[in-house]
Amino acid sequence: MGLADSDSRLTSLLALMGQIAILLSLPAQLVGAAEVYWPGLLLLAASPQLALLAQLGLSRVREFDADRLAAELTGDP
């Protein structure tokens, strides 16, 4: 779980850095000197939430596996 947590935090940090870079390049985008890649921008905005969903899904799977193993060991579901 520690690896999933650090991965989620790293994804959020990198997405924030990308959003700041896009904000700083906004004047160049407004005068037409830079082009916005919209799919990349959407992925940049959604990546922290996707990483969190992956982390929560992994946690849920591990919890179900632990419950299943406990039921097998005790014989009491």
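No lab work stands behind these numbers, since they all come straight from the coordinates. These numbers come from a predicted model, not from an experiment. Positions of Cβ are generated from backbone atoms using ideal geometry, with glycine treated the same way; all protein chains shown enter the neighbour counts.
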### Query
If one takes the longest principal axis of the Cα atoms in the chain, at what angle in degrees, from 0 to 90 and to the nearest 10, does the Cα axis of helix 2-24 lie?
10 degrees
## Note on the structure
Pseudo-spin-label distance L43 to M17, built 7 Å along Cα→Cβ, given in nm, is 1.7 nm
### Message
For q values of 0.11 Å⁻¹, compute log₁₀ I(q)/I(0) with the Debye formula on a Cα-only model of the chain, without solvent.
### Response
-0.47
### Task
Loop only per DSSP, at most 15 neighbouring Cβ atoms within 10 Å: give me the GluC sites (Glu not before Pro) in the chain, ordered by residue number.
E35
